[in-house]
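Participant: Quick one: the structure is below, and I'll ask about it shortly.
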Amino acid sequence: MLRLNRLQQLLKPYGLHIENTGQGKHPFKIKGLVFGTQRQYSYPLKFHGKNPEISDAYLKGIIDKFKLPDDIFKK
């Protein structure tokens, strides 16, 4: 599991960012281009608190949706 701050740091080199929309059930979303394509995508994050931990299931979903390297979160 990763904390939100660390997740932001790891995603930044891939042109992805976390946006707080302040709306709906999942107010935080990861936005950016799918790696290697020009397709824009948004992935919802469900958590509560100031600097929450992101579960492994969500991390795997981020890797799959944005076609990131499998070891990106192992650093």
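Participant: Select from the range 7-31 the residues that are surrounded by 15 or more Cβ atoms within 10 Å (Cβ to Cβ) and within 19 Å of Asp71 (Cα to Cα) and write down the one among them that is farthest from the chain's Cα centre (by Cα).
Facilitator: Among those residues, the one meeting the criterion is Tyr14.
Participant: Could you check, for the range 40-60, whether at least one of its residues is hydrophobic (A, V, I, L, M, F, W, C), modelled with pLDDT of 85 or more and in a loop (DSSP other than H, G, I, E, B)?
Facilitator: no
Participant: Does the range 32-66 hold any residues that are farther than 18 Å from Leu2 by Cβ, of a type outside the set (Phe, Trp, Tyr) and over 11 Å from the mean Cα position of the chain (by Cα), and which are they? Break it down into steps so the answer makes sense when it comes.
Facilitator: Start the filter on the range 32-66 by keeping residues that are farther than 18 Å from Leu2 by Cβ, which leaves 33-42.
Subsequent filtering for residues that are of a type outside the set (Phe, Trp, Tyr) retains 33-34, 36-40, 42.
Listed by number, the residues that qualify are Leu33, Val34, Gly36, Thr37, Gln38, Arg39, Gln40.
Participant: Could you look through the range 39-68, keep only residues that are polar (S, T, N, Q) and over 22 Å from Gly15 (Cβ atoms), and pick out the one that is surrounded by the fewest Cβ atoms within 10 Å (Cβ to Cβ)?
Facilitator: By that ranking, first place goes to Asn51.
Participant: Taking Gly36 and the conditions (1) surrounded by 12 or more Cβ atoms within 10 Å (Cβ to Cβ); (2) part of a loop (DSSP other than H, G, I, E, B); (3) not acidic (Asp, Glu), which numbered condition does it fall short on, given that it satisfies the others?
Facilitator: The number of the failed condition is (1).
Participant: Cβ-Cβ under 9 Å, sequence separation 6+ or interchain: first residue in the range 50-64 and under 15 Å from Val34 (Cα atoms), partner among the charged types (D, E, K, R) and surrounded by 15 or more Cβ atoms within 10 Å (Cβ to Cβ). Which pairs?
Facilitator: Once the first residue is under 15 Å from Val34 (Cα atoms) and sits in the range 50-64, no partner that is among the charged types (D, E, K, R) and surrounded by 15 or more Cβ atoms within 10 Å (Cβ to Cβ) comes close enough.
The values are calculated or read from the model by the stated rules, or taken from the named source; none is laboratory data. What you see is a predicted model; the values in this text were computed from it and never measured. Using ideal geometry, Cβ is built from the backbone for each residue, glycine included, and neighbour counts are taken over all protein chains shown.
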